[in-house]
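Here is the structure we will look at.
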């Protein structure tokens, strides 16, 4: 039962982080905010661009790594069950 809880938690983390990546990548208000910051001060716009992209790719990496970790743990548990 505990393994099922851990597996479900990893799936939730993976799905939520992929959803956040997709949301940040396709959200129009972030692009509008980027344009406003670019028009006001170039350095603020650049820092915002770097920060948003770091956060976006962090969520993508977290999503991929949690799926890889889930597959690795399922494979490891499967080997333990076999005689």
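The values are calculated or read from the model by the stated rules, or taken from the named source; none is laboratory data. Just so it is clear, the model here is predicted, and its values are computed rather than measured. Positions of Cβ are backbone-derived with ideal geometry, glycine not excepted, and every protein chain shown enters the neighbour counts.
Being modelled with pLDDT of 90 or more, under 21 Å from residue 7 (Cα atoms) and part of a helix (DSSP H, G or I) is the requirement here; does residue 20 meet it? Before the answer, list the steps.
Values: modelled with pLDDT of 90 or more: yes; under 21 Å from residue 7 (Cα atoms): yes; part of a helix (DSSP H, G or I): yes.
Here the answer is yes, as residue 20 does meet what is asked.
Scan the stretch 1-33 for residues that are more than 11 Å from the chain's Cα centre (by Cα) and in contact (Cβ under 8 Å) with a residue 40 or more places away in the chain and jot them down.
If the condition is that a residue be more than 11 Å from the chain's Cα centre (by Cα) and in contact (Cβ under 8 Å) with a residue 40 or more places away in the chain, then 3, 6, 7, 10, 11 are the ones that fit.
Restricting attention to the stretch 13-29, does a residue exist that is more than 23 Å from residue 63 (Cα to Cα) and surrounded by fewer than 14 Cβ atoms within 10 Å (Cβ to Cβ)? Steps first, answer last, please.
Just the residues of the stretch 13-29 that are more than 23 Å from residue 63 (Cα to Cα), to begin with: 29.
Next, only the ones that are surrounded by fewer than 14 Cβ atoms within 10 Å (Cβ to Cβ) stay: 29.
The answer is yes, given that some residue of the stretch 13-29 is more than 23 Å from residue 63 (Cα to Cα) and surrounded by fewer than 14 Cβ atoms within 10 Å (Cβ to Cβ).
Please state which one of 36, 80 is free of Cβ contacts under 8 Å to residues at least 40 places away in the same chain, part of a helix (DSSP H, G or I) and in contact with a helix residue (DSSP H, G or I) (Cβ under 9 Å, 6 or more places away or on another chain). Outline the logic, then answer.
On the way: 80 fails: in contact with a helix residue (DSSP H, G or I) (Cβ under 9 Å, 6 or more places away or on another chain).
Within the list 36, 80, the selection yields 36.
Look through 58, 72, 48 and report the one residue that is part of a helix (DSSP H, G or I) and touching a helix residue (DSSP H, G or I) at 6+ places or on another chain (Cβ under 6 Å). If you could, list the steps in order and put the result at the bottom.
Working: 58 fails: touching a helix residue (DSSP H, G or I) at 6+ places or on another chain (Cβ under 6 Å); 72 fails: touching a helix residue (DSSP H, G or I) at 6+ places or on another chain (Cβ under 6 Å).
Within the list 58, 72, 48, the selection yields 48.
Is there any pair with a first residue in the stretch 59-77 that is farther than 13 Å from residue 16 by Cα and a second that is surrounded by 14 or more Cβ atoms within 10 Å (Cβ to Cβ) whose Cβ atoms are under 7 Å apart and which are 6 or more apart or on different chains, and what are they?
Listed pairs, sorted by first residue: 69/10; 70/7; 70/10.
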